[in-house]
């Protein structure tokens, strides 16, 4: 466990099923979010677990700009809410008048930084293989989001932005219609 994880107030594991992405609290195992994927429409529908009303609907369009619709029906081009850099290794969004930036450095996790004080408040780490020296093998570690207390008041936005950023990174890398391809070992 990293020092950042030791300071965390929440760690959310991200698991892909055949039709959904499930985000659960690592400490309790409780499902917090369910993201319905409709790949042939390039759509991701974000729900808080147990709620029927979506938090947000992300629509990927290969030619025209991607869109996002938040609860209440306010739809906009994704770039009006979150500006993703061409390489999909950085993205900036605004929440309650404050700007936040996801950044990825080398092979490390995406890091969410509050621009007002340049403080790291969350990370999103992709699936990775972890060596188990005692057994001489490796196992897959689930993708996960780590949040400090400062990020918890906007956890919906942290989860939505992290998963959209991951989608954009994969789209840029693979240039295909796949969304979240994790081969769970």
- Within the stretch 36-46, residues being in a strand (DSSP E or B) and either modelled with pLDDT under 95 or surrounded by fewer than 19 Cβ atoms within 10 Å (Cβ to Cβ) (or both) number 6
- Pick from the stretch 101-110 the residues that are out of contact with any strand residue (DSSP E or B) (no Cβ under 6 Å at 6 or more places or on another chain) and either part of a strand (DSSP E or B) or surrounded by 10 or more Cβ atoms within 10 Å (Cβ to Cβ) (or both): which of them is modelled with the highest pLDDT? 108
- Task: Scan 113, 121 and give me the residue that is within 19 Å of residue 154 (Cβ to Cβ), crowded, with 17+ Cβ neighbours inside 10 Å and either touching a helix residue (DSSP H, G or I) at 6+ places or on another chain (Cβ under 6 Å) or modelled with pLDDT under 90 (or both).
- Result: 121
- Item | the stretch 21-32: number of residues that are surrounded by fewer than 17 Cβ atoms within 10 Å (Cβ to Cβ) and without any contact (Cβ under 8 Å) to a residue 60 or more places away in the chain | 7
- Query: Among the residues of the stretch 47-67, how many are outside any strand (DSSP E or B) and surrounded by 14 or more Cβ atoms within 10 Å (Cβ to Cβ)?
  - Reply: 4
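The values are calculated or read from the model by the stated rules, or taken from the named source; none is laboratory data. Remember, it's a predicted structure, so these values are computed and weren't measured experimentally. Here Cβ is always computed from backbone atoms with ideal geometry, including for glycine, and neighbour counts include all displayed protein chains.
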